[in-house]
1. How much of the accessible area of the stretch 391-453, in percent, comes from carbon and sulfur atoms when a 1.4 Å probe is used?
2. Starting from the Cα gyration tensor of the stretch 277-321, multiply each eigenvalue by 5, take the square root, and state the resulting semi-axes largest first in whole Å.
3. So what is the orientation-averaged projected area of the stretch 497-537, using the convex hull of its C-alpha atoms, in nm²?
4. Ignoring ligands, DNA and RNA, what accessible area per residue does the chain give at 1.4 Å, in Å²?
5. With Kirkwood's inverse mean 1/r over C-alpha pairs for Rh, give me the Rg to Rh ratio of the stretch 30-160, two decimals please.
6. Report the Cα centroid-to-centroid distance between the stretch 468-497 and the stretch 145-174 in angstrom, as an integer.
7. State the answer as a single residue: which of F559, P480, V505 lies farthest towards the positive end of the charge dipole of the stretch 450-581, with beta carbon charges of +1 for Lys and Arg and -1 for Asp and Glu, about the Cα centre.
8. For the stretch 196-307, go through all pairs of different Cα atoms, get the mean of 1/r, take its inverse, and jot down that Kirkwood value in Å.
Amino acid sequence: MKIAIGSGKGGTGKTTFALNLAYAAAELEDNVRLLDCDVEAPDCNLFLSREPEVTKDVTVKVPKVDATKCTGCGICGKECRYNALAVVKNNVMIFQELCHSCGVCVNVCPEGAFTEVDRPVGIVERSDNTEPFGFARGLLNIGEVLTTRVIDAVKECCDPEGLNIIDCPPGTSCPAVEAFSGSDVVILVTEPTPFGLSDLQLAVNLTVRLGLASGIVINKSDGVDKIITDYAERAGVPVIGRIPFKREYAEAYSEGKILVEEFPELKSGFVDMLRAAGKLTAIAQLEPERISMTSGYGDLKPGSAATHKELTVLSGKGGTGKTTVSSAFAELADDKVMVDADVDAANLHLLMNSLTVSEKDFSGGKRAVINYDTCIGCGACAEACRFGGIICSGDGRCEVSDLTCEGCGLCEHICPVNAISSDDKHTGKLRRSVGKAGPLVHARLANGEDNSGKLVAQVRKLAAQTADELKYPLLLTDGPPGAGCPVIASITGSDAIVIVTEPTVSGLHDLGRIVALIKHFGLGARVIINKADLNPDKAGEIKAFAADQGVDVIADIPFDENVVKALKAGKGALSVEGPVADSIRAAWETVSKTLLD
């Protein structure tokens, strides 16, 4: 059996749940494996005291050109849909980081000048020690974008005869699809907040689209959780368990401890959730999206700035308080355009109480289309496709898979009767909204789609246009989690970066990943430690790491349960006066002085 653990967005406790479910399952089952497929920021290994026994490179095929055969005709560059090839003065330039390994260039070159070589994009580490369970994880190389290739390699470590628990990436885009696919059931971990509900709806819709059974676990539960239970009843997705909200649980997590071992009273609950997962069934109805519209920007007054600067807030991984800090900065800043670049699961508009002013469709790629009047059902397209984008049935009929077709165009070149063409593929919506703190530009990536990096770039472009129209001096960007393609798209050209982390073993690990990414692109950053007093020792380690990397720590934000309650009510951190609000105000003063003065 394969149980995928998803969340819609990071920070809900997905990894915590996956780890503790594996420990509980190991007391009932002999063959249990935990697979960490959150390859941009894998953290499960931080809670397991073991070294990998097998390490394997994950490679992709990239083109190599033979200059003695190449005539510089330019066909390869023209046909590459990922801009990974360019022909300049009859010389072929290959940008390997952009290559999707589709094979088009090899097939279209009239001189046969291309071959393919292996290029590593990540690794898979595996431990076959079954005490208490087997374990494998993937790790995407810094600066790479082919997340799904590493996820697929991790899933090859599944035990076909055992119970496999898959810790999946956050969000509802291509990496989540790859991790969910082939699972018997998906458990969605959420929290009882407006943001948790918004992200849960996206995740449930994805499981419906994939035809997978799903159930809900409510983390940080207050025992009532009406905001989640009302939706669960409406959608027909059962709540199979709850994990109570207690500070001591958060402190244990920060030290890398396993909850079911530290708090034995939790073990029976995890066992019950495991048994309930085996009884889940799929639902067939998608939840319709509801958005609130308004007619314009209202009483906003134009500024006087001739140019604008951009501040990007990142986290390395979800759940550190990135959006909480971003929304608080938005309340403190004057004359700014807010940008929600977390297009997989945008929810800054919830804290800003924003209404949509306008929206337009976004097409981030192509999709193959088969002309069945011409198709002879030979299957050459399906055989050549490297993404499983075309599926041929036994009767010779070939169909395009919406979820796996990458629109590379190889099938068009392969088809012997020219029965395949390409159409633009609708992959999301761009939105401009207005709320209590001003204008907001955000987006909604369609469930299961790729190209979120392209959509992030379009969000930032529209935000820049909005700032120019209003003559505002600042773009304030709430960035995506992780360290992959969307994050890369959100930081290119940014004037300042703030990283929000927390004093946990995973917080320190993820901070290291995002700092490495930022340095890879020659950028600098500042750090804010959220919930700093949960684990002062770990906060000290973060400060030591930051000092070693030449990164300033500009704020220690304390933990305050009243802020948690405010967020559950849809209010920002500044609504609770005290040390948290004071720390955020001080951090904003530090950032704004250097950015805007």
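The values are calculated or read from the model by the stated rules, or taken from the named source; none is laboratory data. The structure displayed is predicted, hence computed values, not measured ones. Heads up, the Cβs are rebuilt from the backbone with ideal geometry, glycines too, and the neighbour counts pull from every protein chain shown. To get the accessible areas, we keep the full protein, side chains included, count just its heavy atoms, and leave off ligands, DNA and RNA. Shrake-Rupley method; radii C 1.70, N 1.55, O 1.52, S 1.80 Å.
1. 44 percent
2. Computed over the stretch 277-321, the values are 41, 24, 8 Å.
3. Here the figure is 2.7 nm², rounded to one decimal.
4. Computed with neighbouring chains in place, this is 40 Å² per residue.
5. My calculation puts Rg/Rh at 1.14.
6. 29 Å
7. So the residue furthest toward the plus end is P480.
8. 17.2 Å
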